[in-house]
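Engineer: Have a look at the structure that comes next, please.
The values are calculated or read from the model by the stated rules, or taken from the named source; none is laboratory data. Computed from a predicted model, the values in this text were never measured in an experiment. Methodologically, a virtual Cβ is constructed for each residue, glycine included, from the backbone with ideal geometry; neighbour enumeration extends over all protein chains shown. Protein only, heavy atoms only, side chains kept; ligands, DNA and RNA dropped before computing areas. Shrake-Rupley method; radii C 1.70, N 1.55, O 1.52, S 1.80 Å.
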Amino acid sequence: MFSLKLETSAFDALKADVAIVFIVDKDLSVALDPHLLQTHNYEGEGVFWDQKNQALYVGVAKSDTHLFREAAFNAVRALKKCVKSAKIGLYTAKHSVHKHALEETMEAIFTGLQFGMYEFETYKEKKSKVHLQEIIVALGGEQHLKALQKALDKSKIVVEHVNLARDLVNTPPNVASAPYVAKKAKDLAEKNGLECFIHGEEYLKEKGMNAYLAVNAASANPPRLVHLVYKPKNAKKKIVLVGKGLTYDCGGLSIKTAEYMLTMKADKGGACAVLATINALAHLHAEAEVHAVLGLAENMISGNSYRPDDILISKEGKSIEVRNTDAEGRLVLADCLSFAQDLEPDLIVDFATLTGACVVGLGSYTSGIMGNNEALKTQFEESALKSGELVAKLPFNRHLRKLLDSKMADIANITPVRYGGAVTAGLFLNEFIREAYKDKWLHIDIAGPAYIEKDWDVNVAGASGAGVRMCVQFVLDILA
Ligand code: BES
Ligand code: ZN
Ligand code: ZN
């Protein structure tokens, strides 16, 4: 067990195996023994163990909240196998744009420290040996206790739920089928007092969700549409979160190459993110009625596969010409967005590992924000960046929309050109958004950061839980 806690004692008075000390902007003067650092040629980059003085120095290139989070993560990674306890003091980012720089920076540090403990070893016989049991934060007085306790409590809930999403996304596709994920959602709902409805094939047929059904047609596993509800008495807003939940995406008949198929267990990242988010918001007692809609399915190949050339009638009534079975996420989402609008919310946000094009455009670290409401996109962007996740707005335009025109049906599921693929996928979804909801909807493409090939920031290789931090922060900010 690991615990992170606050103490009002002064830093020097606290006992611990090691002191974590950040070296900001290469300022070595804060070290207990600056001379020792120089003799070891440590100039304030990366980590340095001062065994003699029981200190771990961690470089922070400049005084920035996000760099403190990452440094805290690196500190724990460096010491968790070596010591039992560590202590750390207060830090404030000088260039923070927000009023409460200390709280914001410390929340980031709390977050980084806790993420440093994450490992996914469920399927390994030999687990790594972790000795670290406790990190104590020395406050040096009562002054910040209340605010920082609040920040710590929040960070614990957020990290726990990001890790929940990570664990579920990391669970391999031979285990994590749609019914498996649905069962996890039900167990969590029971534990946290959420309502949970699980719909199967019959229901999807009844509701005319034929685009969704087509995607799952070749799978040996049945689809599951999971609908979770968190309904506090004091709800100020009604928000529906929708998640793409492809437990595996081999591409279908428009099959992926071996290289691109690998990691496609992470195509359920959107669904896992909204599942984690709604549970986190319940723990945080957010004053909003929140619904989570998980579109769980599997894109496989069999004699029952849906095909390029098929024409599907969506729940919205629009016909879709399938031109590529690998553009399946948008088909599942089209019907789920339809379901979401029937709930008559104030806001709909969908999360999806939707396009490789988004990764090409923004890189692996950044999610794309799309929608019709500029102000809402900007608001989401600000909350997301504050939360420590990277995002960028991608603009719709009418020329790209035209590329989705079909000669055979109301719309085609792909365009004839490769360029602008993230935006055209967003524009496809927009076709299923009713006039009344055009300004109330956001689409977040998390294809880049959902799955990590090589460690970066507070993420280790594997699922990152992308979407959870940004969405929790966004909901809290719109309620503030
Ligand atoms: N799940 C993929 C998108 C994806 C790619 C997610 C890389 C994560 C990492 C999606 O279903 C897909 O296959 N999209 C196609 C769309 C194309 C056929 C228009 C793509 O991006 O190539
Ligand atoms: Zn696909
Ligand atoms: Zn996919």
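Engineer: Could you pull out the residue among Lys191, Lys238 that is out of contact with any Leu (no Cβ under 9 Å at 6 or more places or on another chain), among the basic types (Lys, Arg), closer than 25 Å to Arg469 by Cβ and open to solvent by 30 Å² or more (accessible area, probe 1.4 Å)? Can you show your working first?
Structural biologist: Details: Lys238 fails: out of contact with any Leu (no Cβ under 9 Å at 6 or more places or on another chain).
After ruling out the rest, the residue left standing is Lys191.
Engineer: Which one is least open to solvent (accessible area, probe 1.4 Å) among residues in the stretch 442-462 that are small (Gly, Ala, Ser) and away from ligand 3 (no atom under 15 Å from the Cβ)? Quick ask: steps written out before the conclusion?
Structural biologist: Pass one, the stretch 442-462, residues small (Gly, Ala, Ser): 447-448, 450, 461-462.
With away from ligand 3 (no atom under 15 Å from the Cβ) added as a condition, the list becomes 461-462.
Working: Ala461: 60, Gly462: 5 Å².
Only one residue fits best here, namely Gly462.
Engineer: Here is a follow-up. With respect to Leu403, determine if the residue is closer than 23 Å to Asp439 by Cα, open to solvent by 20 Å² or more (accessible area, probe 1.4 Å) and either over 18 Å from the mean Cα position of the chain (by Cα) or not assigned by the TED database to the domain that holds Arg69 (or both). Can you show your working first?
Structural biologist: Numbers: closer than 23 Å to Asp439 by Cα: yes; open to solvent by 20 Å² or more (accessible area, probe 1.4 Å): yes; either over 18 Å from the mean Cα position of the chain (by Cα) or not assigned by the TED database to the domain that holds Arg69 (or both): yes.
Spelling it out, Leu403 is indeed closer than 23 Å to Asp439 by Cα, open to solvent by 20 Å² or more (accessible area, probe 1.4 Å) and either over 18 Å from the mean Cα position of the chain (by Cα) or not assigned by the TED database to the domain that holds Arg69 (or both).
Engineer: For Tyr118, work out the one condition from (1) outside any loop (DSSP other than H, G, I, E, B); (2) surrounded by 19 or more Cβ atoms within 10 Å (Cβ to Cβ) it doesn't fulfil.
Structural biologist: All conditions pass for Tyr118, except number (1).
Engineer: Mind listing whichever residues of the stretch 314-369 are among the small types (Gly, Ala, Ser) and more than 13 Å from ligand 2 (Cβ to nearest atom)? Lay out the reasoning, then the answer.
Structural biologist: In the first step, residues of the stretch 314-369 are kept if they are among the small types (Gly, Ala, Ser); the result is 314, 317, 319, 327, 329, 334, 338, 340, 352, 356-357, 361, 363-364, 367-368.
Matches in the stretch 314-369: Ser314, Gly317, Ser319, Ala334, Ser338, Ala340, Gly361, Gly363, Ser364, Ser367, Gly368.
Engineer: Looking at the stretch 43-101 only, could you name the residues that are under 18 Å from Gln133 (Cα atoms) and of a type in the set (Phe, Trp, Tyr)?
Structural biologist: Matches in the stretch 43-101: Phe73 only.
Engineer: If we keep just the residues of the stretch 327-343 that are within 16 Å of ligand 3 (Cβ to nearest atom) and either in contact with a Pro (Cβ under 7 Å, 6 or more places away or on another chain) or not in a helix (DSSP H, G or I) (or both), which is farthest from Ala276 (Cα to Cα)?
Structural biologist: Ala327
Engineer: Just to be sure I understand, how many residues within the stretch 381-395 are in contact with a Gly (Cβ under 8 Å, 6 or more places away or on another chain) and crowded, with 17+ Cβ neighbours inside 10 Å?
Structural biologist: So the answer is 3.
Engineer: Identify all residues within the stretch 233-253 that are over 21 Å from the mean Cα position of the chain (by Cα) and closer than 18 Å to Pro222 by Cβ; write none if there are none.
Structural biologist: Cys250, Gly252
Engineer: Only one of Glu125, Glu119, Glu160, Glu103 is in contact with a Ser or Thr (Cβ under 8 Å, 6 or more places away or on another chain), among the acidic types (Asp, Glu), modelled with pLDDT of 95 or more and outside the structural domain of Thr247 (by the TED database). Can you tell me which? Outline the logic, then answer.
Structural biologist: On the way: Glu125 fails: in contact with a Ser or Thr (Cβ under 8 Å, 6 or more places away or on another chain); Glu160 fails: in contact with a Ser or Thr (Cβ under 8 Å, 6 or more places away or on another chain); Glu103 fails: in contact with a Ser or Thr (Cβ under 8 Å, 6 or more places away or on another chain).
Of the residues listed, the single one that is in contact with a Ser or Thr (Cβ under 8 Å, 6 or more places away or on another chain), among the acidic types (Asp, Glu), modelled with pLDDT of 95 or more and outside the structural domain of Thr247 (by the TED database) is Glu119.
Engineer: Only one of Ala178, Ala189, Ala258, Ala276 is more than 30 Å from Ser319 (Cα to Cα), in contact with a Gly (Cβ under 8 Å, 6 or more places away or on another chain) and at pLDDT 95 or above. Can you tell me which?
Structural biologist: On the way: Ala178 fails: more than 30 Å from Ser319 (Cα to Cα); Ala189 fails: in contact with a Gly (Cβ under 8 Å, 6 or more places away or on another chain); Ala258 fails: in contact with a Gly (Cβ under 8 Å, 6 or more places away or on another chain).
The unique qualifying residue is Ala276.
Engineer: Residues of the stretch 348-380 being away from ligand 1 (no atom under 16 Å from the Cβ) and either surrounded by 22 or more Cβ atoms within 10 Å (Cβ to Cβ) or of a type in the set (Val, Ile, Thr) (or both), which ones?
Structural biologist: Here is the first cut: in the stretch 348-380, the residues away from ligand 1 (no atom under 16 Å from the Cβ) are 348-349, 369, 371-380.
Result: Ile348, Val349, Ile369, Gly371, Thr378, Phe380.
Engineer: A follow-up question, please. Gln114 is checked against (1) touching a residue at least 40 places away in the same chain (Cβ under 8 Å); (2) out of contact with any helix residue (DSSP H, G or I) (no Cβ under 7 Å at 6 or more places or on another chain) and fails just one. What number does that condition carry?
Structural biologist: Here Gln114 meets the rest and fails (2).
Engineer: Follow-up. Name the residues in the stretch 222-235 that are open to solvent by 20 Å² or more (accessible area, probe 1.4 Å) and farther than 16 Å from Val349 by Cβ, would you? Outline the logic, then answer.
Structural biologist: Just the residues of the stretch 222-235 that are open to solvent by 20 Å² or more (accessible area, probe 1.4 Å), to begin with: 222, 224, 230-235.
Selection gives Pro222, Arg224, Lys231, Pro232, Lys233, Asn234, Ala235.
A quick yes/no check of all residues on (1) open to solvent by less than 60 Å² (accessible area, probe 1.4 Å); (2) among the small types (Gly, Ala, Ser); (3) more than 16 Å from ligand 1 (Cβ to nearest atom); (4) in contact (Cβ under 8 Å) with a residue 60 or more places away in the chain:
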{"residue": "Val215", "(1), (2), (3), (4)": "yes, no, no, yes"}
{"residue": "Gly252", "(1), (2), (3), (4)": "yes, yes, no, yes"}
{"residue": "Tyr260", "(1), (2), (3), (4)": "no, no, no, yes"}
{"residue": "Lys268", "(1), (2), (3), (4)": "yes, no, no, yes"}
{"residue": "Ala273", "(1), (2), (3), (4)": "yes, yes, no, yes"}
{"residue": "Leu284", "(1), (2), (3), (4)": "yes, no, yes, yes"}
{"residue": "Ala292", "(1), (2), (3), (4)": "yes, yes, yes, yes"}
{"residue": "Met300", "(1), (2), (3), (4)": "no, no, no, yes"}
{"residue": "Arg307", "(1), (2), (3), (4)": "no, no, no, no"}
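Engineer: Taking the conditions exactly as written (at pLDDT 95 or above, crowded, with 19+ Cβ neighbours inside 10 Å and in a loop (DSSP other than H, G, I, E, B)), does Glu316 satisfy them or not?
Structural biologist: yes
Quick grid of which residues meet (1) over 18 Å from the mean Cα position of the chain (by Cα); (2) more than 18 Å from His283 (Cα to Cα); (3) in contact (Cβ under 8 Å) with a residue 12 or more places away in the chain:
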| residue | (1), (2), (3) |
| --- | --- |
| Met106 | yes, yes, yes |
| Tyr123 | yes, yes, yes |
| Lys127 | yes, yes, no |
| His131 | yes, yes, yes |
| Glu134 | yes, yes, yes |
| Ala138 | yes, yes, yes |
| Gly141 | yes, yes, yes |
| Val158 | no, no, yes |
| His161 | no, no, yes |
